[in-house]
Each structure stands twice: as C-alpha cells, then as structure tokens.
1. In sequence order, what are the phi-derived ³J(HN,Hα) couplings for the stretch 101-114 according to the Karplus relation 6.51 cos²θ - 1.76 cosθ + 1.60 with θ = phi - 60°, rounded to whole Hz, with x for glycine and proline?
2. Enumerate the amide H contacts of VAL48 below 5 Å, restricted to partners 5 or more residues apart or on another chain; note that Pro and chain-start residues carry no placed amide H.
3. At a 1.4 Å probe, what is the % contribution of carbon and sulfur to the accessible area of the stretch 51-99?
4. Most mobile of ILE69, ILE31, ILE51 per a Gaussian network model of the chain (Cα springs, under 10 Å)?
5. Treating only the Cβ atoms of Lys and Arg (+1) and Asp and Glu (-1) as charged, compute the dipole magnitude of the chain about its Cα centre; round to the nearest 20 debye.
6. Could you give each residue of the stretch 59-76 its phi-based ³J(HN,Hα) in whole Hz, using Karplus coefficients 6.51, -1.76, 1.60 with θ = phi - 60°, and x for Gly or Pro?
7. Excluding ligands, DNA and RNA, what is the solvent-accessible area per residue of the chain at a probe of 1.4 Å, expressed in Å²?
8. In whole Å, largest first, what are the principal axis extents of the Cα atoms in the chain?
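The values are calculated or read from the model by the stated rules, or taken from the named source; none is laboratory data. Bear in mind the structure is a predicted one, so any value in this text is a computation, not a measurement. Methodologically, a virtual Cβ is constructed for each residue, glycine included, from the backbone with ideal geometry; neighbour enumeration extends over all protein chains shown. SASA here: full protein model, heavy atoms, side chains in, ligands and nucleic acids out. Shrake-Rupley method; radii C 1.70, N 1.55, O 1.52, S 1.80 Å.
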Amino acid sequence: QVQLVESGGGLVQPGGSLRLSCAASGIIFNIYNMAWYRQPPGKQRELVAFITVSGNTNYADSAKGRFTISRDNAKNTVYLQMNSLKPEDTAVYYCTVPRLSGSWGPGTQVTVSS
C-alpha cells in the first residue's frame, strides 16, 4: 500500500520561495507518474503540476513559470519548487500517484502572507 508524506510547507511572504517534498513508500516509485495538487481554503482540490516517469512535466496555468516539479527516483521523492509566491497560492498541498486512486498524503500547509 502506497504511503505519501509531504513536507516543506510553512509561512512565507509574497515573492518568497518554498520547496515541498513528498516521500513515497510501498510502491515501485520509478514506474509511476506523480502529481502535486492543492486545496485553497473553501475551494476544491486542483492540479498544480504533473511529472511522468521519464521526467516530462505539465503545469496548471497558475503555476507556469513559477513552480517546478521534479523527482529523484533514487530517493523515492517528488519535489515542488515554488518561487514568486502569491497570497493566492495559500493552500494545503498534496502529492498523489494518479494511477492509484485515493493515494493522498496528509498534505502540507503553505501560507503566503505579509
């Protein structure tokens, strides 16, 4: 059974940066695409970024040019580098294995505020 644990969230000022990490266990990590989602307060969960097993990436329009998703198969970890953060990026961020229904970690809170 897959287990996902996100970390790296926190409080940051507008314009700042954070690097989120998601450690996966219980799966053969390098055969699965991975994704980051977020859920802003009072809103539905939304896709932020996606990375394939070969390293191809795709981003939500809101993340393009500011966020970078990457993976380290040796560490079974996927990352989300977030730069130029805005207050509207405030959300709980989750990683998931899209092929494995219900594979969500507990999430990590990101708050962008001055």
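1. Karplus-based 3J(HN,Hα) across the stretch 101-114 equals 4, x, 7, 10, x, x, x, 9, 7, 10, 10, 10, 7, 9 Hz.
2. For VAL48, whose amide H was placed from the backbone, the distant partners under 5 Å are TRP36, TYR37, ARG38.
3. Accessible surface attributable to carbon and sulfur in the stretch 51-99 totals 44 percent.
4. In this elastic network of the chain, the residue with the biggest mean-square fluctuation among ILE69, ILE31, ILE51 is ILE31.
5. Dipole about the Cα centre, nearest 20: 80 debye.
6. 10, 5, 4, 5, 9, 4, x, 10, 10, 9, 9, 8, 9, 10, 5, 5, 9, 6
7. Accessible area per residue: 52 Å².
8. Cα extents, longest axis first: 41, 25, 22 Å.
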